[in-house]
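Data first, discussion second: the structure below is written as structure tokens.
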Amino acid sequence: MACHDYKDLMMGYLDSELDAEQKRRFEEHLSGCPECAGELEEFKRLKAITDEVTLVEPEDRIWQDYWGSIYNRIERGAGWIVFSIAAVLLAIYCGFRAIEQIIRDPHLELTLKIGLMALLVSLAILFVSVLRERLYFWKKDRYKDVRR
Amino acid sequence: MLSVCQEEAVAMQRCRRGSAEAFEVLVNRYMKDAYFIALGLVGNSEDAMDLSQEAFIRAYRNIKHVRPDRKFFPWFYQILKNLCVSHLRKRRHRQAGSLDAEDCPEVAARDDCFCPDVVAGKKEIKDSVWRAIGKLDDKHREVIILRHFQNMSYDQIAEALHCNKGTVTSRLYYARKRLEELLGTGKGDSHYGVS
């Protein structure tokens, strides 16, 4: 085996992840290879430096509020979904009623009727287009591919 | 008495049926890990807190699709990692956009969001170590964070990253080599005076 093949064992040795046989094999290689011994010393030095650095823990109250904050966001998300469905249903209902009234109203001029109808139709097209785009991106959501 | 693994499996089963209380158990168990991993990946506490919470929300919404034999944390880790990577990508785009990337690509690509306020240690060491970690590739930074700051075993890292142990050791080797270069702790350099 060349020195390069011992790099996995070197990492395992450094992190105390080797079993007795692997450890013995690596130490045997080390005793006859000053290059690997030198490299191991460098890694030990690096490990000593990084071990001196720790991540600062946030205050206790952050952890106490952590679940509450998640729960509120989940609840609000559900609220927004229900609100959006209700708003869409109401918009569709009002749209149909408006179209019905415009068509039936004998006092409105034809040009105005056509204009108002065109406005409502264009709003419907825009809504469907936005909805379709959202659905397209939702289908391509990268998190849907997360292995389960 | 149930073991930790069995307890977790029961909690996941209840979560699949929509129990928020069961999900709270999982959140309380992993919130610190989630925060610290996110912190290691994105470099500042505000973003790490927000991303770790967002990952739990996405996990809650999708937990009913998880295979019953899957452990929670390796699955959750993938969600968290994807969120952090997308966040970093957006941040780098913003930075590159706000600087003149053509005239100075090195400056545009540099990630200056690894603020040393979130790490403890001797000032001169922690500043340079944290900034050096911030300069590693995402996949190298990931293994350094999981090994050095989360103290995870190679098996646990391999499970979280969906790779084999050989890949973990190989990434650790190159990540540490790169860190040595960045910190100047290689041969003949006693920059930090650590024996």
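What follows draws every value from the coordinates through simple rules; no lab data is involved. Note that the structure is a prediction, hence the values are computed from the model and not measured. For neighbour counting, all protein chains shown are included, and Cβ atoms are generated from backbone atoms with ideal geometry for every residue, glycine included.
For the peptides B:70-82, A:44-56, residues were scored by their other Cβ atoms within 10 Å and the scores averaged per peptide; the highest-first order is B:70-82, A:44-56. Expressed as a fraction of 2.2 N^0.38 Å, the value expected for a compact globular protein of N residues, the C-alpha radius of gyration of the range A:60-140 is 1.76. According to the Kirkwood relation over distinct C-alpha pairs, the hydrodynamic radius of chain A is 23.5 Å.
In a fully extended conformation the segment linking A:Lys139 and A:Lys113 would gain 5.5 nm over its present Cα-Cα distance, using 0.36 nm per residue. Mind checking which lysines have their C-alpha under 19 Å from B:Lys32, skipping anything on the same chain fewer than 8 residues away? Of all the lysines, those that pass the test against B:Lys32 - Cα under 19 Å, at least 8 places apart if same chain - are B:Lys71, B:Lys81. Around B:Ala34, with a cut-off of 11 angstrom between Cβ atoms, what is the net charge of the other residues, counting Lys and Arg +1 and Asp and Glu -1? So the environment of B:Ala34 carries a net charge of +1. To the nearest ten degrees, helix A:20-31 and the longest principal axis of the Cα atoms of chain A are 60 degrees apart. Top mean-square fluctuation among A:Ala37, A:Ala98, A:Ala118, Gaussian network model of chain A, C-alpha springs under 10 Å? Of A:Ala37, A:Ala98, A:Ala118, the most mobile in the Gaussian network model is A:Ala37. Within the same chain, lysines fewer than 8 places from A:Lys139 are excluded, and of the rest, those with a Cα less than 18 Å from its Cα are B:Lys64. This model, with +1 at the C-beta of Lys and Arg and -1 at the C-beta of Asp and Glu, gives the range A:3-51 a dipole about its Cα centre of some 120 debye. Counting only Cβ charges, +1 for Lys and Arg and -1 for Asp and Glu, the dipole size of the range B:119-185 around its Cα centre is about 180 debye.
The range A:88-138 and the range A:1-21 have their alpha-carbon centroids 70 Å apart. Average 1/r across all pairs of distinct alpha carbons in the protein assembly as shown, invert it, and you get the Kirkwood radius: 24.1 Å. Based on Cα contacts under 8 Å between residues 6+ apart, chain A shows a relative contact order of 11 percent.
Magnitude of the charge dipole for chain A, about its Cα centre and with charges confined to Cβ atoms of Lys, Arg (+1) and Asp, Glu (-1), is about 1480 debye.
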